[in-house]
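Accompanying notes for the structure given below.
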Amino acid sequence: MNKTMLASALLCGSALAMTGCQTVEGQMQTGNPLSQPTLKSTIHTVNGDKKEVGQVFLRPVDEGVQVYGKLMNLQPGQTVSLHIHETGSCADMGKAAGGHFNPDNKPHSNPDDMNGHAGDLPNLTANDNGVATINFVNKKISAAEAGKYSVNRLAFIVHGGTDDYTSQPAGNAGDRVACGIIETM
Ligand SMILES: [Cu+2]
């Protein structure tokens, strides 16, 4: 952890310290102000240099689990796709993460479809600085430490292309470009 990250962690480590906190965690929380993230993933490229490209947090909210964070170092305007995959491993260029998290054996769909994969999430488009944000409430997963719908110890996969929310089994989203294990805070 570098010094900047450490300072952010200290500033944002408690609900009482949110004022003035400029990290993604502070900027994007909505509602339930006392509900802190329970899970977090630091995402790295799957190729040789394993560069860090972002962080995603998960916290329980009334409607489900808020998934929020940023991916950096994308091409300006690039749309990528993000899913929760079923195995908590980023080995073998991310292939070890397996397929989409799908505890109820549903088809792949758009992330708002309750009949789709629990691990389906919306596409992200990078801004002029190559930064893409996600802020989505997933109603099909749990941010608890364990359980059928818990995503603890599973993996985020970033694909280089756009998820069409239709093609099976994974939306024709393209190569796996980055990956992060989901872990307890
Ligand atoms: Cu995927």
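The table below gives the values:
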read-out	value
Residue match in the stretch 66-74 (condition: part of a strand (DSSP E or B) and either on the phi > 0 side of the Ramachandran plot or within 10 Å of the ligand (Cβ to nearest atom) (or both))	yes
Candidates 120, 128, 112, filtered to the one that is closer than 21 Å to residue 60 by Cα and away from the ligand (no atom under 13 Å from the Cβ)	112
Residue list for the stretch 131-161, filter: within 16 Å of the ligand (Cβ to nearest atom), outside any strand (DSSP E or B) and of a type in the set (A, V, I, L, M)	141, 151, 154
Test: residue 16 is modelled with pLDDT under 95 and either buried (at least 16 other Cβ atoms within 10 Å of the Cβ) or not in a loop (DSSP other than H, G, I, E, B) (or both)	yes
Any hit, the stretch 43-62, residues being assigned to a strand (DSSP E or B), in contact with a Lys or Arg (Cβ under 6 Å, 6 or more places away or on another chain) and closer than 13 Å to residue 134 by Cβ	yes
Verdict on residue 99 being surrounded by fewer than 16 Cβ atoms within 10 Å (Cβ to Cβ) and within 10 Å of the ligand (Cβ to nearest atom)	yes
Residue list for the stretch 107-151, restricted to those being farther than 22 Å from residue 87 by Cβ and among the polar types (S, T, N, Q)	110, 115, 123, 125, 127, 129, 133, 135
Unique match (being over 14 Å from residue 158 (Cβ atoms) and touching a residue at least 24 places away in the same chain (Cβ under 8 Å)) among 73, 115, 102, 110	110
Which numbered condition residue 104 misses (of (1) assigned to a helix (DSSP H, G or I); (2) away from the ligand (no atom under 13 Å from the Cβ))	(1)
Meets criteria (over 16 Å from the mean Cα position of the chain (by Cα), in contact (Cβ under 8 Å) with a residue 12 or more places away in the chain and more than 14 Å from the ligand (Cβ to nearest atom)) for residue 60	no
Residue 180 assigned to a loop (DSSP other than H, G, I, E, B) and either on the phi > 0 side of the Ramachandran plot or within 16 Å of the ligand (Cβ to nearest atom) (or both)	no
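The values are calculated or read from the model by the stated rules, or taken from the named source; none is laboratory data. Here the structure is a predicted model, which is why all the values come from computation and not from measurement. Glycine gets a Cβ as well: all are built from the backbone with ideal geometry, and neighbour counts include every protein chain shown.
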